[in-house]
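Structure first, commentary second.
The values are calculated or read from the model by the stated rules, or taken from the named source; none is laboratory data. Here the structure is a predicted model, which is why all the values come from computation and not from measurement. Cβ: placed from backbone, ideal geometry, glycine included. Neighbour counts: every protein chain shown.
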Amino acid sequence: MNQLPVSSLQKDMRFEGFLLVRMAEQRTSSNGSKYLDMTLCDKSGDLNAKMWDGSVNPPKVGSVVKVRCTIQEYNGRLQMRVERMRDKQDDDDADLSLLMPCAPEKPEKMLKEIQDTIENMQWEPLKKLMRELIRMTGDKLLYFPAAQRLHHAERSGLLHHTTSMLRAAKALLPLYPFLNGDLLCAGVIAHDLSKTIEMVSDDAGNVTDYTRDGILLGHLVDGVAQVRTAAQNAGVAGDECVVLLSHMVISHHAVPEFGSPKPPMFPEAEMLHMIDDMDAKMNEMEAVVKRTPAGAFSEKIWSLDRRVYHPNYPAASEENGDAAFGIDAQKAYDGLL
């Protein structure tokens with residue numbers, strides 16, 4: 001399969017190739033005609049796509065389609081105008097490994113990092129509670145994304161988001177020694193676990209819909225219920241860690257308009273919110289910069305409510321390796337641990 005990655009597509013380019021269906025719905029325009037509204041992707045990124053043919057049924061979410069299209073711009077955002085589309089056939093030369101967005105590390109490795117963090121906790125009731133939460137989540141944790149279309153919308157994206165936050169938390173703890181490390185790490189691990197009951201995902205990490213509980217309650221409320229159930233199962237329901245962890249889960253979005261009825265009310269809860277917000281935004285910005293040429297601005301990013309600029313970074317020298325500014329981020333990170 002020889003085709004351009006989605007992240008490299010620009011206005012007025014032609015594209016023909018295989019893409020994964022993230023979302024597909026038949027809609028009705030203002031003049032009454034029907035069209036397909038889709039999100040199509042490969043592992044490098046995704047684009048909205050329109051097919052102005054009301055006779056075509058929407059493809060199944062999670063399926064692979066072959067499309068022929070032109071890249072256009074609408075309201076400052078790139079979009080595919082699809083002329084022809086068909087389902088992938090058995091004899092097609094389509095490399096699915098190039099189409100499935102997935103986390104950069106193996107899920108088993110990331111899960112072990114979480115489990116090792118739990119086993120190193122000194123707060124015994126909290127350790128028991130976290131063990132039970134991971135057990136209750138089960139194998140879904142290995143493949144579930146962190147979102148349907150926004151940050152970490154990839155196979156094993158929930159683990160990617162969680163382990164990235166966990167590493168950030170551990171790097172920050174030496175700077176703020178008054179924080180309880182066990183509680184902060186527990187909040188990081190628990191805060192989004194109930195996305196596995198908020199969304200419906202196949203084992204390739206494609207979210208096809210939200211569940212009834214996800215729509216009516218959401219992962220913050222479901223998350224508190226999960227914490228309480230795990231505490232009962234683990235025999236630690238009377239320990240203060242239960243209400244503290246419950247508060248961290250329900251307050252990690254910080255404000256009512258994003259679903260949190262309570263703001264963070266103790267330091268570990270506030271730090272959880274800030275790390276979560278940072279990691280989500282950095283993941284989104286990374287994806288935007290990858291598909292935006294150096295020296296150019298992206299389209300307006302809905303989730304960030306702004307355009308993103310891709311700076312003209314100095315070229316990495318041989319001496320500095322991949323570090324654009326001569327600072328080795330991995331060495332700096334290791335030095336904090």
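Data table
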read-out	value
Residue identified as surrounded by fewer than 23 Cβ atoms within 10 Å (Cβ to Cβ) and in the same structural domain as Gly218 (by TED's automatic domain parsing) among Leu141, Leu184	Leu141
Matching helices (runs of 4 or more DSSP H) fully within the stretch 207-324 where at least 3 residues are over 30 Å from Lys127 (Cβ atoms) and touching a residue at least 24 places away in the same chain (Cβ under 8 Å)	267-290
Count of residues meeting criterion [surrounded by fewer than 18 Cβ atoms within 10 Å (Cβ to Cβ) and either closer than 17 Å to Ser63 by Cα or touching a residue at least 60 places away in the same chain (Cβ under 8 Å) (or both)] in the stretch 15-42	4
Test for Lys170: is it under 20 Å from Phe266 (Cα atoms), among the charged types (D, E, K, R) and surrounded by fewer than 20 Cβ atoms within 10 Å (Cβ to Cβ)	yes
Hey, Gly259 buried (at least 21 other Cβ atoms within 10 Å of the Cβ), in the same structural domain as Arg155 (by TED's automatic domain parsing) and within 20 Å of the chain's Cα centre (by Cα) or not	no
